[in-house]
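A.B. asks: Quick one: this structure, given as structure tokens, is what I'll be asking you about.
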Amino acid sequence: MMPQTPAARVCSHCDGFPVVHITTGTTPDGQRRTLAATCPVCKGTGTRRTLPAALIRAGK
Ligand SMILES: [Zn+2]
């Protein structure tokens, strides 16, 4: 049996980690401040879809 390939490819930009929370420190209240950085390529999905053939042809 051949191994099945996944339907969607993992985004090469974020390598499958589309949302990264960056800790910026703590507020005077003691709360953690985090920034959520979403991958601009896959829009936070972690996978990339293949463009439709029509779009690819239109670019030529
Ligand atoms: Zn991505």
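The values are calculated or read from the model by the stated rules, or taken from the named source; none is laboratory data. As the structure is a prediction and not an experimental result, all values here were calculated from the model. Virtual Cβ from ideal backbone geometry, glycine too; neighbours counted across all protein chains shown. The accessibility values were calculated without ligands, DNA or RNA, using every heavy atom of the protein model including side chains. Shrake-Rupley method; radii C 1.70, N 1.55, O 1.52, S 1.80 Å.
A.B. asks: Quick one: what pairs do we get from the range 1-18, first residue modelled with pLDDT of 90 or more and in a strand (DSSP E or B), second small (Gly, Ala, Ser) and open to solvent by less than 100 Å² (accessible area, probe 1.4 Å), C-beta under 9 Å, 6+ apart or different chains?
C.D. replies: As it stands, the answer is Val10/Gly16; Val10/Gly46, since those pairs meet every condition given.
A.B. asks: If a residue must be at pLDDT 90 or above, more than 9 Å from the ligand (Cβ to nearest atom) and surrounded by 10 or more Cβ atoms within 10 Å (Cβ to Cβ), how many such residues does the range 25-55 contain?
C.D. replies: The number of residues fulfilling the criteria is 5.
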